[in-house]
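Q: Before anything else, here's the structure in question.
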Amino acid sequence: MEISGSLFFSRGNNNQISFICGSGSWLIDMALRYPNSEFIGLDLNPSPLPTNLPKNTSFIKGNLQSIPYEDEEFDFLKTGELQVDFTEVEYKHAIDEMIRVTKRGGWVEINEPDIYPLRHAPNYAKIVESYNLQDIQFDCKIINVGPQGGELGNQCAEVYTIYFKDLYGQELADHLGLTYDEYLQTLWKNAEEEMNNSCIEIRYYRFWGQKR
């Protein structure tokens, strides 16, 4: 089965999709390609969105820790890059919430880049532990972090920035005996240049399962 693609969305006219949306670019693109499906974007801090949205698209403010919908409302949920936002316990609860609002026979898909190049994404196995999914599958591709990696590469660069600059920059600076400003002007500045020049390659994981 091709999750996120035409085989899923062409099955019928009533598919409802919930996506933890970020910029909303994937959601809008899919809404334009599949006008008979309904697409709903959910994000705690949504980015500014285009004013001319497809008619089958809507966006709401919400949190994966408490998705504001009743049980079994959606055919398909897609999200990604959760590891920079949640602890391990919160990550597991977010998956449980996604499964809760998915219809029986519906699908859940999660995408995770490695934080550390060419090592397993720390939380990718959490979906396997979710007792209420079956036919669990995953694939992996190696991508360039930054502009030359396309949309995925830019998303991964954003994750790296959140993780190594915003969340743990001060801690890393302290560990290295640097001030935060010194860290930003030396190591982090060089790391940004490496990302922009596509010197960093990582594994990007995509995994999905069907609700029993």
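Coordinate-derived values only; no laboratory data. Keep in mind that what you see is a predicted model, and the values were worked out from it rather than measured. So basically every Cβ, Gly included, is an ideal-geometry build from the backbone, and we count neighbours across all protein chains shown.
Q: If you plug each phi of the stretch 69-83 into the Karplus form 6.51 cos²θ - 1.76 cosθ + 1.60 with θ = phi - 60°, what whole-Hz ³J(HN,Hα) values come out, in order, with x for Gly and Pro?
A: Working through the residues one at a time gives 9, 6, 4, 6, 9, 10, 7, 7, 10, 9, 8, x, 6, 7, 5 Hz.
Q: Based on other C-beta atoms within 10 Å, arrange SER37, SER66 from fewest to most.
A: Fewest to most other Cβ atoms nearby, the residues stand as SER66, SER37.
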